[in-house]
Structure formats: structure tokens, C-alpha cells
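Q: Here it is, the structure in full.
The values are calculated or read from the model by the stated rules, or taken from the named source; none is laboratory data. Nothing here was measured: the structure is a model prediction, and the numbers come from that model. Ideal geometry is used to build each Cβ from the backbone, glycine not excepted, and the neighbour counts take in all protein chains shown. Ligands, DNA and RNA are excluded from the accessible area calculation, which covers all protein heavy atoms including side chains. Shrake-Rupley method; radii C 1.70, N 1.55, O 1.52, S 1.80 Å.
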Amino acid sequence: MRTLHRTTKFALQNIWRNIWLSLATVLVFVLTLTTINILITLHVLTDAAIQSIEDQIDISVYFKKGTSEDILFGAQDYLASLSQVSGVEYVSGEEALRRFSERHRYDERILQALEVVGQNPFGGELIISARNTDDFAFILEALKNPTFGSAIESQDFSDHERVIQRIDAFTQRVQFFALILAGIFALIAVLIVLNSIRVSIYTHREEIGIMKLVGASNNFVRLPFIIEGILFSFVATAMTIAIVYPTATAMEPQLAQFFEQQNIGLSSYYLQNAYWIFGGQFLALAILSIIASSLALNRYLRV
Amino acid sequence: MIKLHNVSKSYDSNVHALHGVNLHIEPGEFVSIVGQSGTGKTTLLRLLIAEERPSKGKIVIGGWDISTIKSAQVPFLRRQIGVVYQDFKLLPKKTAAENIAFALEVAGDARRRVREVVPQVMRIVGLEGKERRYPHQMSGGEQQRVAIARALVHRPKVLVADEPTGNLDTITAHEIIDLLRKINNFGTTVVLVTHDKTIVNHLKGRVITLKDGTVVRDHVGNYTLA
Ligand SMILES: Nc1ncnc2c1ncn2[C@@H]1O[C@H](COP(=O)(O)OP(=O)(O)OP(=O)(O)O)[C@@H](O)[C@H]1O
Ligand SMILES: [Mg+2]
């Protein structure tokens, strides 16, 4: 207890009296953690980007003209109740016509063709969005439901199928790449932290020898460095939070606009996973610095 | 107090720093160890504080056989032997008082005792008022006094000094030697390694002369190299 108290005192003294070395070490820690958090942010953004593309993919189901609203609304209710479906929009025949004319308002030929037909060629339409691209197959199967399956004139999905496959392949490649990148970054981070601790202990090598010569036990020499490492990790994590979270919050609106999403969920991702993300980073850093300083010290403790 | 039986030390197979050294130093003696550079004087002191282990032979200090001392025991040995070096070996980021207190703190002494002993030893070495100086704010002589004060905190039975005056001018050197004599007069055994002929002659005490790792002369009197 007395040893812990004293070594803590020495650790604080060391930090203060070697303030530039301390600041440099903390700075290295902060930069390392920030890099890791940029990686985490990229992961969230990739998800958002993929989500953004997936959201734009939906299945349009066109019903035969003259299909009763009962069947249409029944189909809408049924589809909306499926857990794989995130939304079903009903577009009436009139609305479909309006949208069509609107979309082609500068195209004389199409407008003329519509006039030639003389009546509304559109039946009701349901636009179904899936929660997940994997769910499209299930939804397509669900459309064969006997209560409304026969009223369906057509569904346009065939195009999307290829797009979805490509997105899936792309997602997998991105995630694979991100994993490799994360691995490389983690390795670099470990090396940087190891080295900055080695440097810090190297600068203290003579003092370590002197401590041993005046009768300090190995633990008495080691503890201040271990306490310093834990304190540095703590301060560095706190500083990283102070940098990363406000930046994420500030950038979120622009990012949301860029990805055409209402909400990317970056800051809420950090909030919800704060314990895991930052607690994990603190623990990893602290454990790493304890191991690093113990290893680096062993060389100088043999006096 | 200090007994060496047939002690040899080789750093590696072809460097034989000491061989076949027999020594017997009584409690309360003041012994000078002289000899040319590279004859094993520092090696002898390093064996006494277990910075090195003898390759052969037996070393007994105050009845404790330290020839094969375990590393976990070494700190306890070092708290019983005061050591002073030519280059002072003070902790640069600690003040004079903190450097001295450190030797007590590593041994787990209570704060009350630290507060009691540090001013005492500072008074013995004549450093009152310099408590808050850092090593770089003190002269060489003052730094060596801090080192001696630090060596005294555990009231050691033995004080060993490796050329403690090597970095000091003549007057300061004699002040430091007088301080060592004063400590010796309190009853502490002092082993002094030195190159300084005038100091040895001034001491008029026991002189052990080493040459090529062996004791070639052990007498009371003046400095000779043969
Ligand atoms: N750590 C070491 N490794 C290998 N050889 C060493 C080591 N320390 C000392 N020696 C060798 O042992 C011999 C005795 O060295 P030592 O330092 O004991 O001499 P010394 O009498 O103290 O010399 P000086 O008066 O110059 O201080 C020398 O030949 C030296 O080169
Ligand atoms: Mg020497």
C-alpha cells in the first residue's frame, strides 16, 4: 500500500518533471487512437453508403387495371406486415398517371401517345422496399400469394437483381479490404505505441540503474512506469473522445447530405457503443503500454 | 566485516578482472584500495554490492554469504551498504532532499522516519539549506555530499566509495575525504578506491594495492604501486 502510494507519487512527479516527453507520448497515443476511430467512422460510412444504395432499390408491383381497392389495400397490409419489408407505398392509377406525365412533361411524343390512348393506362401500383437486399427473394415469393397474386400485371425487379448482386459483391470486397486495412493500422498502432514507450524508458535507463543501486526492488522501479502508462492511456482516450465525438457530430449533416440519407447515425453509433469503442481502446492501450514497459524495462533492471 | 576467500571474477573467458583475492576487513576500518587503471578495483566494489557475482570464491559481508545471492535479496544487501561513485549517480529530476529520501522510500520506511532522517544526514554532510536544489543546480562537491548523505540513510555498517574525489578539485576532494573520515569515526567501515596519492598519504591508514587482478601489497602507510 505504501509502495503503491509512493510509486504513484513518483509517477506523477515523473510526468510533470518530464512534461515534454509526457506530452509527446500522449500525443502519439492520441494520434494512434484517432486513426483507429477514423477507421471505425469509415466502417459506419460504408454501411451508410450501401444502405443508401439499397434504399433506392425497391420492387414496383403493377396491378391490372380495374383491380379493386380492397385487393390493393389487402395486399399492402399483408406486405407491410412482413418483417422483411420496411415500407410499402400505394400509388393509385391516377397518381401513377400524374407522376408519369410529370416525369415526361418535356417529351412531346410520349404525351401525344398518352393522348392517343385516350384513357388512363395505369392500374394501381405498390412500391415495396426491403429491409435488406437478401430479402428480395423472399418478397418476390410472397407476391405469389393467391389473394392478390393473380391481379398482378407485372413487377419490375429483374433489373435490380443484377444491381443487388453487384452491391453484395462490392460490400463484401469493401468489408474485406476494411478488415485488412484495420489489421495493418492496428499493427502500425501497436508498433508506434511500443516504440514510444521504449524511447521513454530508454531516456530513463540511467535513472533505473541508479534506483537499483540504492536498493530499489524491481517492482518499485516498474510500478511508476506502469502507472504512467495507465494515466497516459486514460488521458489519451479522453482527449480522443473530445476530438472524435464533436467532429463526428459536426460532420454528420454534410455526410448525410452526401449519402442522401436523413441520418447516418454516426454520432449515435458512437454514443450507443461508447463503452465498447472507447473503453476497449483505453483497455487495449493500457494493457499494451504495461506489456511494452515491462518488456523494455527488463533490459535495464538487471543491475 | 568483509571477507573475501579466493575470489576470482572473469567477465568473459579472456577477461580475468580479479583472481585469487583474499581480504579481511575488520569492522570500523578505513581501507584504501589503490592500483593502476584496469586492475579490478571497481570490479571488487561491484562484487561487494552484488552488481556482479564472483566467478569463483566466497564473499561474506557481516556474516552474510553473498557469493550466490538471489536477485530478490540484492535490494536488501544494498540497503545495508552505502555506495558512493565518482559520477555521483544522483537522480537528475529529483531535488537533493528527494534523492536522499528515495533511498529510504524504496526500503519502505515510514514517512515520519523519512522526515526525520533526511535533515539529519543533510546536516552531517553540511548541506543544510540546499534541500530543494536539483543536481544541476549544485557544484560537484555538493552533489557528492548528497550522494554520501544518501549512502548514510540506512546507517550502514559499510560505506564503499569508488574514486569519490575523481571529479573534484583538490580542496573539495579533501573536504569529501574528511567527511568520509568523520563517518568512519562514527564506526562505519569505509572502503575507498582512489588514484590520489596525496589523499592516501594523508590518510596514513591501511592500503591495499591491486595489480592485474591480484592483491600485491597490503600494508599500513603510504601510496605505492608495487
Ligand atoms: N562489464 C565488463 N565487461 C567486460 N570486461 C569488463 C567489464 N568491466 C570491467 N571489465 C574489465 O575488467 C578489468 C578490470 O576493470 P575495473 O573496472 O575493475 O578496473 P579499475 O581498476 O576500476 O580501473 P580504473 O582505475 O580505470 O577505474 C578491465 O580489464 C576491464 O576492461
Ligand atoms: Mg574503476
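Q: Take the residues of region B:148-178 that are out of contact with any helix residue (DSSP H, G or I) (no Cβ under 7 Å at 6 or more places or on another chain) and within 16 Å of ligand 2 (Cβ to nearest atom): which is modelled with the lowest pLDDT?
A: Taking the candidates together, the pick is B:GLY166.
Q: Need at least 2 residues that are under 18 Å from A:TYR62 (Cα atoms) and in contact with a strand residue (DSSP E or B) (Cβ under 8 Å, 6 or more places away or on another chain) per element, so show me which helices (runs of 4 or more DSSP H) inside region A:85-185 make the cut, counting only ones lying wholly within it.
A: Helices (runs of 4 or more DSSP H) meeting the threshold: A:93-103, A:136-142.
Q: Mind listing whichever residues of region A:114-123 are on the phi < 0 side of the Ramachandran plot and open to solvent by 50 Å² or more (accessible area, probe 1.4 Å)?
A: Quick first cut of region A:114-123, residues on the phi < 0 side of the Ramachandran plot only: A:114-117, A:119-123.
A:GLU115, A:VAL116, A:VAL117, A:GLN119, A:PRO121, A:PHE122 - these are the residues of region A:114-123 that are on the phi < 0 side of the Ramachandran plot and open to solvent by 50 Å² or more (accessible area, probe 1.4 Å).
Q: Taking B:SER37 as the residue in question, decide whether it is of a type in the set (Ser, Thr, Tyr) and in contact with a helix residue (DSSP H, G or I) (Cβ under 9 Å, 6 or more places away or on another chain).
A: Considered against the rule, which asks whether it is of a type in the set (Ser, Thr, Tyr) and in contact with a helix residue (DSSP H, G or I) (Cβ under 9 Å, 6 or more places away or on another chain), B:SER37 comes out as no.
Q: I'd like the full set of residues that are within 26 Å of B:LEU203 (Cα to Cα) and of a type in the set (Phe, Trp, Tyr), limited to region B:19-71.
A: Result: B:PHE30, single match.
Q: Restricting the search to region B:48-80, which residues are within 16 Å of ligand 1 (Cβ to nearest atom), surrounded by fewer than 19 Cβ atoms within 10 Å (Cβ to Cβ) and under 16 Å from the mean Cα position of the chain (by Cα)?
A: So in region B:48-80, the residues within 16 Å of ligand 1 (Cβ to nearest atom) come out as B:48-57, B:59.
Narrowing the set further to residues that are surrounded by fewer than 19 Cβ atoms within 10 Å (Cβ to Cβ) leaves B:51-53, B:55-57.
Answer for region B:48-80, where residues must be within 16 Å of ligand 1 (Cβ to nearest atom), surrounded by fewer than 19 Cβ atoms within 10 Å (Cβ to Cβ) and under 16 Å from the mean Cα position of the chain (by Cα): B:GLU51, B:GLU52.
Q: Something else: What's the number of the condition A:ILE264 fails, among (1) in a helix (DSSP H, G or I); (2) β-branched (Val, Ile, Thr); (3) more than 14 Å from chain B (Cβ to nearest Cβ)?
A: (1)
Q: Within region A:167-226, count every residue that is over 30 Å from B:ALA50 (Cα atoms) and buried (at least 20 other Cβ atoms within 10 Å of the Cβ).
A: In the first step, residues of region A:167-226 are kept if they are over 30 Å from B:ALA50 (Cα atoms); the result is A:167-196.
If we keep only those that are buried (at least 20 other Cβ atoms within 10 Å of the Cβ) as well, we get A:189, A:193, A:196.
Here the count works out to 3.
Q: In addition: Hey, among the residues in region A:195-219 that are among the β-branched types (Val, Ile, Thr) and at the interface with chain B (Cβ under 8 Å from one of its Cβ atoms), which one's nearest to A:SER294 (Cα to Cα)? Walk me through it before giving the result.
A: Applying the first criterion (among the β-branched types (Val, Ile, Thr)) to region A:195-219 yields A:197, A:199, A:201, A:203, A:208, A:210, A:214.
Next cut, at the interface with chain B (Cβ under 8 Å from one of its Cβ atoms) only: A:210, A:214.
Numbers: A:ILE210: 18, A:VAL214: 21 Å.
Filtering first and then ranking leaves A:ILE210.
Q: Oh, and also: Are there any pairs, at least 6 apart or on different chains, whose C-beta atoms fall under 6 Å, with the first in region B:170-194 and away from chain A (no Cβ under 14 Å) and within 16 Å of ligand 1 (Cβ to nearest atom) and the second in a helix (DSSP H, G or I) and open to solvent by less than 50 Å² (accessible area, probe 1.4 Å), and if so, which?
A: Filtered contacts from region B:170-194: B:VAL193/B:LYS41.
Q: Same structure again: Within region A:245-303, how many residues turn out to be closer than 24 Å to A:LEU187 by Cα, small (Gly, Ala, Ser) and either open to solvent by less than 20 Å² (accessible area, probe 1.4 Å) or outside the structural domain of A:VAL221 (by TED's automatic domain parsing) (or both)?
A: Summing the residues that are closer than 24 Å to A:LEU187 by Cα, small (Gly, Ala, Ser) and either open to solvent by less than 20 Å² (accessible area, probe 1.4 Å) or outside the structural domain of A:VAL221 (by TED's automatic domain parsing) (or both) in region A:245-303 gives 5.
Q: Would you kindly identify the strands (runs of 3 or more DSSP E) lying entirely within region B:1-105 that contain at least 2 residues that are basic (Lys, Arg) and either within 16 Å of ligand 2 (Cβ to nearest atom) or more than 12 Å from chain A (Cβ to nearest Cβ) (or both)?
A: Working: elements: B:2-12, B:15-25, B:30-35, B:56-61, B:81-85.
Per the criteria, B:2-12, B:56-61.
Q: Specify the residue that is most open to solvent (accessible area, probe 1.4 Å); the eligible residues are those in region B:169-198 that are within 20 Å of B:LYS211 (Cα to Cα) and in contact with a strand residue (DSSP E or B) (Cβ under 8 Å, 6 or more places away or on another chain).
A: By that ranking, first place goes to B:HIS195.
Q: Write out, first by first residue and then by second, each pair whose Cβ atoms fall under 6 Å of each other, whose residues are 6+ apart or on separate chains, and whose first residue, in region B:156-167, is within 14 Å of chain A (Cβ to nearest Cβ) and in contact (Cβ under 8 Å) with a residue 24 or more places away in the chain while the second is away from ligand 1 (no atom under 12 Å from the Cβ) and assigned to a loop (DSSP other than H, G, I, E, B).
A: So the pair list comes out as B:PRO156/B:GLN80; B:LEU159/B:THR188.
Q: Would you pick out the residues in region A:10-39 that are more than 12 Å from A:ILE197 (Cα to Cα) and within 14 Å of chain B (Cβ to nearest Cβ)?
A: Of all residues in region A:10-39, those more than 12 Å from A:ILE197 (Cα to Cα) come to A:10-20, A:23, A:27, A:30-39.
Within region A:10-39, A:PHE10, A:ALA11, A:LEU12, A:GLN13, A:ASN14, A:ILE15, A:TRP16, A:ARG17, A:ASN18, A:ILE19, A:TRP20 meet the criteria.
Q: Of the conditions (1) surrounded by fewer than 16 Cβ atoms within 10 Å (Cβ to Cβ); (2) away from ligand 1 (no atom under 11 Å from the Cβ); (3) on the phi > 0 side of the Ramachandran plot, B:GLY38 satisfies every one except a single condition; which number is it?
A: Looking at each condition in turn, B:GLY38 falls short on (2).
Q: Something else: What do you reckon, is A:ASP77 of a type in the set (D, E, K, R) and not assigned by TED's automatic domain parsing to the domain that holds A:PHE177? Break it down stepwise before answering.
A: Working: of a type in the set (D, E, K, R): yes; not assigned by TED's automatic domain parsing to the domain that holds A:PHE177: yes.
Taking the combined requirement at face value, the residue satisfies it.
Q: Residue by residue through region B:93-119, note down the ones that are of a type outside the set (A, V, I, L, M) and within 20 Å of the chain's Cα centre (by Cα).
A: Hits for region B:93-119 are B:ASN99, B:PHE102.
Q: Given the criteria among the hydrophobic types (A, V, I, L, M, F, W, C), in contact (Cβ under 8 Å) with a residue 12 or more places away in the chain, out of contact with any Cys (no Cβ under 7 Å at 6 or more places or on another chain) and within 16 Å of ligand 1 (Cβ to nearest atom), does B:LEU45 qualify?
A: yes
Q: Looking only at region B:137-168, which residues are polar (S, T, N, Q), outside any helix (DSSP H, G or I) and surrounded by fewer than 24 Cβ atoms within 10 Å (Cβ to Cβ)?
A: Residues satisfying the conditions are B:SER139, B:ASN167.
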